[in-house]
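Notes follow once the structure below has been shown.
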Amino acid sequence: MFSVNRQTAAAHIAWTGRGPPGEAVRPEPAATTGWVPAGPSAATGGSGAVGSPAACAGPGRVGGASRRGLAGVRTPRTEGVGVMSGEIRTGVPRPQDGSAASGAPSGPVRREEAAWESAELAAQNEVFERRGGPAEDVLVWMANRYRPEVALACSFGLEDCALVDMLSRHAPNVGIFYLDTQLLFPEAHATRDRLMERYAIRPLRILPRLDPEAQAAEFGPALWARHPDACCAMRKIQPLQAFLATQRAWITGIRREQSPTRLHAPFVEWDRQFGLAKANPLAAWTAADAWRYVRDHAVPYNPLHDCGFPSIGCWPCTRAVQPGEDARAGRWSGFAKTECGLHQ
């Protein structure tokens, strides 16, 4: 089971035991319509393999994806296999001044340690920049430097699926976790299940303090439609902050090509927002690189990528992208918002 190694006053983590396992949601075969990615055809494989049939249309589908109730899809507890398993419900107390609680290091000793570590990471990043990575080398370096207090953040998008495969080959003892906002697409849960079966992993499930019904009762219905930043803070940023307070490093699948805000993402860096080391092994990859890796290694991936969803978040705030639109145009459409706040 996962054990807490470092605690902060701003983060409280408690184990929860939730209900019985729910069934996996399997995508329905359908013709791909609209935006077409530069990846494998949906006709090249079956469920759990490259080109899993994409549920791009059908009963109960809007904009190419399922719309479920506020509670989302019930997901099974996972325990007893892998370096991380089970589920954690997080809660970050609200500061009296109303500002977001910070995960940054505090105190003169920790600040000095952070300065030394930041300098080390900057020097190592220069090495990776000269070499162009490669991604596998970044993963191995992070594993050797920070294991067992390093984990991959997996959202079950294309890049993260590639990283799960890469970890299985080069650093199998690195933990994997995911933020279950309880508003994920069913296809994300189905992708998780296929990755679990393929790689014998048990990702750690991180839950927000409030379930969607409790959030609606306290802050009003559909907070994401009125104050998406507040919703992201409660369902993503605060749970991540609480979990990362137990780690020394984390790994992400962000790429420089994805958006202007990620254009200068280094391979390794000191994450000032959360106060720990951060690695972006795929920083220099293009979308074509990601698809090539998935194709060459037959990696399971989210079928929504075949339906015009190059970037996938929570279902209330994600739509299919139309031809010619930016890859992240489907996220928080109608708001001047392009990031959830996890990467700054």
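The values are calculated or read from the model by the stated rules, or taken from the named source; none is laboratory data. For clarity, every value in this text was computed on a predicted model and none was experimentally measured. Cβ sites come from the backbone with ideal geometry, for glycine too, and all protein chains shown count toward neighbours.
So how many residues does segment 165-197 have that are of a type in the set (A, V, I, L, M) and part of a loop (DSSP other than H, G, I, E, B)?
3
Suppose we filter TRP270, TRP224, TRP285 for residues that are in contact (Cβ under 8 Å) with a residue 24 or more places away in the chain, under 18 Å from CYS154 (Cα atoms), of a type in the set (Phe, Trp, Tyr) and crowded, with 18+ Cβ neighbours inside 10 Å; which single one remains?
After ruling out the rest, the residue left standing is TRP285.
Within the bounds of segment 178-191, is there any residue that is touching a helix residue (DSSP H, G or I) at 6+ places or on another chain (Cβ under 8 Å) and charged (D, E, K, R)?
yes
Kindly indicate which of ASN302, ASN280 is at pLDDT 85 or above, under 24 Å from ALA143 (Cβ atoms), touching a Ser or Thr at 6+ places or on another chain (Cβ under 7 Å) and of a type outside the set (Asp, Glu).
ASN280
What number of residues within segment 140-163 are farther than 14 Å from ILE254 by Cα and of a type outside the set (Gly, Ala, Ser)?
Count: 10.
So, in segment 230-263, how many residues would count as being closer than 14 Å to LEU210 by Cα, small (Gly, Ala, Ser) and out of contact with any Gly (no Cβ under 8 Å at 6 or more places or on another chain)?
1
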